[in-house]
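J.: If you scroll down you'll find the structure; I have some questions about it.
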Amino acid sequence: MAIPSFFVSFTKILVGFCLLCMVHKDFVVAGFEEVRVEHDTNEPLTNGSITTAGTSEDGRSELCGTDLSFLGPPYGNMSTAKMVCSPIWNTFVLRYHQREDNVMTIILSAVYTTGWVGIGFSRNGMMLGSSAMVGWFNRKGHARIKQYYLQGAHVSQVIPDKGELPLNGIPPVVALHGAVIYLAFQAKFEHRLGRQPILLAFGTRYPTGFHHLTKHDGKTAVWFDFSQASVLNIDTSQRKNHGILGLMAWGLILPAGAIVPRYLKHKDPLWYYLHAVIQFLGFILGLASVLLGIQLYQSMNADIPAHRGIGIFVLVLSILQVMAFFLRPNKDSKYRLYWNWYHLWFGRMALFFGSLNIVLGIQYAGAGDDWKIGYGFLLAITLLVVIVLETFSCLRRRRDKSNLPSNFQMNTI
């Protein structure tokens, strides 16, 4: 079958799209939106030299000028002139002092009514695998502060008294001063902190049972540069778009394109053109998802070897399928049978590993139940469509068989 000029033009557009995506660079840092932080470059970054966009100098001074003596030693003994203070998100204010031996004193404050407040340290801006310090006052007014290991997105996977923050022997402190809660702790890091992904969250309900946290009511993830006291908001929309594109490509469009040749071959040549167009569309969305994944890896250091490796493998299989389209032999060619086997099994492998990577991506990203329900819904719809079409296909074959003449017999020669 000759290749229509439509598909040649379509391929040219596809190549142009790929080149455009590869050369595109986001402003400042891919995947991050910078929040302006002004400071006097001639003065050290102390309490009196930092302002954050949206916070006036007087407002910042009011937030950062609180006497911390109520925290007790060693936190209350530290001079505010030596501590860097920066509003970081909503009512959250971060104070810290980093010594030469890499011991850092960290004090987080926020307006508090009920529930809990926490700050987490992440490797890549994601919740999964992070460690956090969380503080609260229970219903009896007793102060509680604990380290948690964020093993997953579900509340049952937030493990108390676990984590990888290198706390030293100084006990952490949580205190309530007016309407503001303060979490103070010290950690000795292997090296001086520079740009570090920080997670901030709060919940309005008290922890339950054995200090198990309730679901958060607000959260954010930022890059905080401890060397300059600057904040970079992590653009979570890029990660979300990566997931949506992958889900649409490998969870909806490509499986739909694979269904067409099995159940519509009696509509020749319509099935062929439908199959080709749908699969090309799915390939474009899958490629865009991979390109966004590369940007996330470069900008967020989102090092997830299994997810990345399977994604690259699926992309290679997809490219081989596109190449197979242009190398499709004629029906009477002796190589056509082998091409059919190749195209069928490489396509099945691509769909299987693409679906597997969606599950891994949802798991590693710590996505909520909405993503799991959404993908489960797509799988259920696909399975239902296959069952219905398979039923119609069987009925059609039986009807065609019953329509044969009663005296019809195959020629044995």
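The values are calculated or read from the model by the stated rules, or taken from the named source; none is laboratory data. Keep in mind that what you see is a predicted model, and the values were worked out from it rather than measured. Because the Cβ atoms are built from the backbone with ideal geometry, glycine has one as well, and the counts that use them run over all protein chains shown. To get the accessible areas, we keep the full protein, side chains included, count just its heavy atoms, and leave off ligands, DNA and RNA. Shrake-Rupley method; radii C 1.70, N 1.55, O 1.52, S 1.80 Å.
J.: Relative contact order of region 235-396, please, whole-number percent, based on alpha carbon pairs below 8 angstrom and at least 6 residues apart. Provide the component values of the computation, followed by the final result.
T.: Working: 120 pairs, mean separation 49.1, N = 162.
This gives 30 percent for region 235-396.
J.: Right, next: Return the long-range amide H neighbours of S130 (sequence gap of 5 or more, or a different chain), with a cut-off of under 5 Å between placed amide H atoms.
T.: L150
J.: Given the pairs K215/K240; K82/K140; K267/K334; K140/K240; K82/K215, which are separated by over 32 angstrom at their Cα positions?
T.: Working: K215/K240 20 Å; K82/K140 35 Å; K267/K334 25 Å; K140/K240 40 Å; K82/K215 36 Å.
Over 32 Å apart, Cα to Cα: K82/K140; K140/K240; K82/K215.
J.: Mind checking the dipole of region 97-208: about its Cα centre, +1 per Lys or Arg Cβ, -1 per Asp or Glu Cβ, Debye to the nearest 20?
T.: Computed charge dipole of region 97-208: roughly 280 debye.
J.: If you take the charge dipole of region 59-232 about its Cα centre, with +1 on Lys and Arg Cβ and -1 on Asp and Glu Cβ, which of G72, G209, P171 is farthest toward its positive end?
T.: G209
J.: Also: Would you list R239, R336, R192, R139 from the most to the least accessible area, probe 1.4 Å?
T.: Correct descending sequence by accessible area is R139, R192, R239, R336.
J.: Given a 1.4 angstrom probe, I'd like the percentage of the accessible area of region 235-396 that is carbon and sulfur, rounded to a whole number.
T.: 72
J.: Put a dot 7 Å past each Cα toward the Cβ at R348 and K401; how far apart are the dots in nm?
T.: 2.3
J.: Which value, in Å², gives the accessible area per residue of region 235-396 when a 1.4 Å probe is used on the protein heavy atoms? Show your work: numbers first, answer last.
T.: Details: 9040 Å² over 162 residues.
Averaged over the residues of region 235-396, the accessible area is 56 Å².
J.: Place a +1 charge on the Cβ of each Lys and Arg in region 235-396 and a -1 charge on the Cβ of each Asp and Glu, then give the dipole magnitude about the Cα centre in debye, rounded to the nearest 20. Let's see the in-between values first.
T.: On the way: 13 positive and 7 negative charges, 122 e Å.
Approximately 580 debye in magnitude.
J.: Follow-up. When the Karplus curve 6.51 cos²θ - 1.76 cosθ + 1.60 is applied with θ = phi - 60°, which whole-Hz ³J(HN,Hα) does each residue of region 130-136 get, with x for Gly and Pro?
T.: 8, 10, 9, 9, 10, x, 6
J.: Oh, and also: Excluding G135 itself, calculate the net charge of residues whose Cβ lies under 12 Å from the Cβ of G135, where each Lys or Arg counts +1 and each Asp or Glu counts -1.
T.: Numbers: positive: R144, K146; negative: none.
Neighbour charge sum, excluding G135 itself: +2.
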